[in-house]
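The block underneath contains the structure these notes are about, expressed in structure tokens.
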Amino acid sequence: MIQNRRLSHVLVIAPERSPSLALVATYPLGQLEKQGLLKLCIRTAREASAEDLAWSDIVFAVRPATAAMAILVSEAKRMGRVVMCHWDDDLLSIPLESSSYAYFARPGVRKLTLATLLQADVVLSSSGILLRHLCTLLARHGKSKTPALLLPVPALCINPAPYYSIKDPALEKPFTIGYAG
């Protein structure tokens, strides 16, 4: 932190309150706020306002795959904010078997999701496999210089056990949940 300079204001937006939002943003950025390293505001796309965008220096968009999220990201870019987008699923390649397929396979949703990805100043993912796929998409659209970073979850050594737990002694090796993982 530079003396006489205010803390960065980080606005986290997501389509809804979800485990993805909690694991990649609420808990780790909340810890940074508790340490006095930033100021944090968390909103769903429905809750976010023009005042929130004006307050922010950085907009951290979690799973930005809705029209409301696309509008918020576009407006943040227009206002000169740094836009960081995080994906934990390959929302552009949802399998037919998924209950989310009907929504994410729609051409308009796919177009908005891709457009949002291409507006990001930084692309983040919790999956190295998904990150490589997103880098390929970025490069295919002339955005190969957009930083794409792996964001381990849980970040900052937060113990996720109080929030969720999956234990199955029948499993011999770790398993991965997700489309790209």
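Here Ser56 fulfils each of the conditions (1) small (Gly, Ala, Ser); (2) in contact (Cβ under 8 Å) with a residue 40 or more places away in the chain; (3) out of contact with any His (no Cβ under 7 Å at 6 or more places or on another chain) apart from (3).
Those helices (runs of 4 or more DSSP H) of the range 70-142 in which 2 or more residues are surrounded by fewer than 19 Cβ atoms within 10 Å (Cβ to Cβ) and aromatic (Phe, Trp, Tyr) occupy 101-104. Checking each residue in the range 20-40 for being outside any helix (DSSP H, G or I) and in contact with an Asp or Glu (Cβ under 6 Å, 6 or more places away or on another chain) picks out only Leu40. Filter the range 1-14 for residues that are open to solvent by 50 Å² or more (accessible area, probe 1.4 Å) and either closer than 23 Å to Ile71 by Cβ or in contact with a Lys or Arg (Cβ under 9 Å, 6 or more places away or on another chain) (or both) and give the result. Result: Arg6, single match. Of the numbered criteria (1) open to solvent by 30 Å² or more (accessible area, probe 1.4 Å); (2) outside any strand (DSSP E or B), the one Arg43 fails is (2).
Among the residues of the range 25-39, those identified as open to solvent by less than 30 Å² (accessible area, probe 1.4 Å) and touching a helix residue (DSSP H, G or I) at 6+ places or on another chain (Cβ under 7 Å) are Pro28, Leu38.
Out of curiosity, is Ala65 under 21 Å from His133 (Cβ atoms) and in a strand (DSSP E or B)? Judged against the criteria, Ala65 is not a match. Checked against the criterion of being outside any loop (DSSP other than H, G, I, E, B), within 17 Å of the chain's Cα centre (by Cα), modelled with pLDDT of 85 or more and among the small types (Gly, Ala, Ser), the range 150-161 has no qualifying residue. Here the condition is being surrounded by 18 or more Cβ atoms within 10 Å (Cβ to Cβ) and in contact with a strand residue (DSSP E or B) (Cβ under 7 Å, 6 or more places away or on another chain); of Asp52, Asp57, it holds for Asp52 alone. Taking residues in the range 140-165 that are at positive phi, and partners anywhere that are modelled with pLDDT under 50, not one pair has Cβ atoms closer than 7 Å while being at least 6 places apart or on different chains.
The values are calculated or read from the model by the stated rules, or taken from the named source; none is laboratory data. Keep in mind the model is a prediction, meaning the values are calculated, not measured. Reconstructed Cβ throughout: ideal geometry from the backbone, glycine too, with neighbour counts over all protein chains shown. To get the accessible areas, we keep the full protein, side chains included, count just its heavy atoms, and leave off ligands, DNA and RNA. Shrake-Rupley method; radii C 1.70, N 1.55, O 1.52, S 1.80 Å.
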